[in-house]
1. Condition test on Val36, is it touching a helix residue (DSSP H, G or I) at 6+ places or on another chain (Cβ under 7 Å), surrounded by 14 or more Cβ atoms within 10 Å (Cβ to Cβ) and at negative phi?
2. Give me the pairs, please: first residue somewhere in segment 12-28 and in contact (Cβ under 8 Å) with a residue 40 or more places away in the chain, second residue anywhere and basic (Lys, Arg) and surrounded by 16 or more Cβ atoms within 10 Å (Cβ to Cβ), beta-carbon distance under 7 Å, and either six or more positions apart or on two chains.
3. Return yes or no: is Ile71 at pLDDT below 95 and among the β-branched types (Val, Ile, Thr)?
4. So which residues in segment 10-38 are of a type in the set (A, V, I, L, M, F, W, C) and either touching a strand residue (DSSP E or B) at 6+ places or on another chain (Cβ under 7 Å) or within 17 Å of Ala61 (Cα to Cα) (or both)?
5. Does segment 23-32 contain any residue that is touching a helix residue (DSSP H, G or I) at 6+ places or on another chain (Cβ under 6 Å), crowded, with 19+ Cβ neighbours inside 10 Å and in a helix (DSSP H, G or I)?
6. For Leu59, indicate whether it is in contact with a Phe, Trp or Tyr (Cβ under 6 Å, 6 or more places away or on another chain) and modelled with pLDDT of 95 or more.
7. Being farther than 16 Å from Leu66 by Cα and in contact with a strand residue (DSSP E or B) (Cβ under 6 Å, 6 or more places away or on another chain) is the requirement here; does Val47 meet it?
8. If we scan segment 10-18, do we find a residue that is under 11 Å from the mean Cα position of the chain (by Cα), modelled with pLDDT of 95 or more and not in a helix (DSSP H, G or I)?
Amino acid sequence: MVIKILGTGCPKCEKLEENVKEAVKELGIPAGVEKVTDLNDIMRYNVTITPGLVVDEELKASGKVLSVEKIKEIIGT
């Protein structure tokens, strides 16, 4: 599983990255967490408001900081 955090480094993007890493740790699943900061790359996912969350190349959320529990729901299935 590859999880991407889309954002330019704002506090919300940083918090989403922290929450994703915690969710992966709590679930104990093998997943790579990547940060995508290039605006051209972010636009390829049709994200207009960051942060964005992409799981295995599928956009799951944008414009909000998801909780650890919500992230676990998304990636734990």
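The values are calculated or read from the model by the stated rules, or taken from the named source; none is laboratory data. Since we're looking at a predicted model, the values are computed, not measured. Don't worry about glycine lacking a Cβ; one is built from the backbone with ideal geometry, like all the others, and counts go over all protein chains shown.
1. On the way: touching a helix residue (DSSP H, G or I) at 6+ places or on another chain (Cβ under 7 Å): yes; surrounded by 14 or more Cβ atoms within 10 Å (Cβ to Cβ): yes; at negative phi: yes.
For Val36, the condition - touching a helix residue (DSSP H, G or I) at 6+ places or on another chain (Cβ under 7 Å), surrounded by 14 or more Cβ atoms within 10 Å (Cβ to Cβ) and at negative phi - is met.
2. Close Cβ pairs (under 7 Å, with a partner that is basic (Lys, Arg) and surrounded by 16 or more Cβ atoms within 10 Å (Cβ to Cβ)) amount to Ala23/Lys72; Glu26/Lys72; Leu27/Lys72.
3. Values: at pLDDT below 95: no; among the β-branched types (Val, Ile, Thr): yes.
Considered against the rule, which asks whether it is at pLDDT below 95 and among the β-branched types (Val, Ile, Thr), Ile71 comes out as no.
4. The initial filter retains those residues of segment 10-38 that are of a type in the set (A, V, I, L, M, F, W, C), namely 10, 13, 16, 20, 23-24, 27, 29, 31, 33, 36.
Selection gives Cys10, Cys13, Leu16, Val20, Ala23, Val24, Ala31, Val33, Val36.
5. So far as segment 23-32 goes, yes, one or more of its residues are touching a helix residue (DSSP H, G or I) at 6+ places or on another chain (Cβ under 6 Å), crowded, with 19+ Cβ neighbours inside 10 Å and in a helix (DSSP H, G or I).
6. Values: in contact with a Phe, Trp or Tyr (Cβ under 6 Å, 6 or more places away or on another chain): yes; modelled with pLDDT of 95 or more: yes.
Taking the combined requirement at face value, the residue satisfies it.
7. Details: farther than 16 Å from Leu66 by Cα: no; in contact with a strand residue (DSSP E or B) (Cβ under 6 Å, 6 or more places away or on another chain): yes.
Against the criterion (farther than 16 Å from Leu66 by Cα and in contact with a strand residue (DSSP E or B) (Cβ under 6 Å, 6 or more places away or on another chain)), Val47 does not qualify.
8. The answer is no, given that none of the residues of segment 10-18 is under 11 Å from the mean Cα position of the chain (by Cα), modelled with pLDDT of 95 or more and not in a helix (DSSP H, G or I).
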